[in-house]
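Worksheet: the structure to be examined is printed underneath.
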Amino acid sequence: MSDSSALRQVECRQFKGNAWRDLADVVTLETPLTVVLDGVEKRLWAHPTDLEDLALGHALLDLCPPGRIPVLDRTEGVRFHLHTVEGAAPGAGRRGPLAGGPMSGPDLLARMEQFVAGAGNWEATGCFHRAGVLDPADGTFRRVVEDIGRHNCLDRLAGWMLRAGVDPSGLVLFASCRFTASLLGKVARAGFQLAVSRSALTTAALDLAREQGLTLAGFAREGRFTVFHDPAGRIADPGRP
């Protein structure tokens, strides 16, 4: 999770209730970092915590060719040097049941409430996205991350899973952000089979979920959620034929 020390109070003026006032507000720090993979550079902007996982995950999901994974060589401040080796991300290409079997509707909503209520920086600033990896067998979140960019959140999780050897194929991705095709592509490349968002999704994301055989649910908030695609029954629905 993000570090609250990477937030800054700034003096500003607010117009509210048809009147002006002085106040101090909280703004998140944003820093550039450079990922150098096999000599090719890519610049990113991110919240300045746990940047090694972010660099590793971005290299894996966005820069590595098929059949290759990144290895971190060295770090020079916010400059990360990596090279590729033959290999695959944990869980990549696997399709099967979730750990512990299908998730029930009440359990999915309870886990989303737990995910949203967890301590972090997004309520302090309104600037953060959040993503987490749930083990549905015991209902615990193995990892929850925040960043100013939704793609950064997926990169951070992918980097952590690669470094820790965590297989996500039986786990569940929870996200605060909308699912677009570009983001869902990362979800698939990372190896998740079930992704749940508090927000919306696009038609291109749904097409990709159908193509990849992923279970996709959205609008998980206020006591409801919508299942847009579930080819393998990963979400239990007693009324489903």
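Comparing 162, 109, 61 in a Gaussian network model of the chain (Cα springs below 10 Å), the most mobile by mean-square fluctuation is 109.
For segment 68-159, would you read off the P(r) tail past 24 Å as a percentage of all alpha carbon pairs? The proportion of pairs with Cα distances above 24 Å equals 39 percent.
Applying 0.36 nm per residue to the separation of residue 15 and residue 211 and subtracting their alpha-carbon distance, the gain on full extension is 65.7 nm. Accessible surface calculations at 1.4 Å, restricted to protein heavy atoms, place the chain at 47 Å² per residue. Of the residues 84, 125, 28, the one that moves most in a GNM of the chain with alpha-carbon contacts below 10 Å is 125. Among 100, 218, 191, the residue with the largest mean-square fluctuation in a Gaussian network model of the chain, with springs joining Cα atoms closer than 10 Å, is 100. Here the accessible area of segment 175-241 is 51 percent carbon and sulfur, with a 1.4 angstrom probe and all protein chains present. Under a model in which nothing but the beta-carbon of Lys, Arg (+1) and Asp, Glu (-1) is charged, segment 1-150 shows a dipole of about 340 debye around its Cα centre.
Please state the shape class of the chain: rounded when a/c is under 1.5, otherwise prolate if a/b exceeds b/c and oblate if not, all from the C-alpha gyration tensor.
Oblate.
Normalised by the number of residues in the chain, the mean separation of alpha-carbon contacts (under 8 Å, six or more apart) gives a relative contact order of 18 percent. The radius of gyration of the Cα set in segment 29-84, together with its Dmax, comes out at 10.5, 35 angstrom. Need one word for segment 178-241: rounded, prolate or oblate. Basis is the Cα gyration tensor (sqrt eigenvalues a ≥ b ≥ c); a/c below 1.5 gives rounded, then a/b vs b/c decides. Cα axes put segment 178-241 in the oblate bin.
For the charge dipole of the chain, defined by +1 on Lys and Arg C-beta atoms and -1 on Asp and Glu C-beta atoms about the Cα centroid, which residue among 99, 125, 165 has the Cα displaced farthest towards the positive pole? Of the candidates, 99 comes out farthest on the positive side.
The values are calculated or read from the model by the stated rules, or taken from the named source; none is laboratory data. Predicted model, so just to flag it, every value in this text is computed and none were measured. Reconstructed Cβ throughout: ideal geometry from the backbone, glycine too, with neighbour counts over all protein chains shown. Note: areas computed on protein heavy atoms with side chains; ligands, DNA, RNA excluded. Shrake-Rupley method; radii C 1.70, N 1.55, O 1.52, S 1.80 Å.
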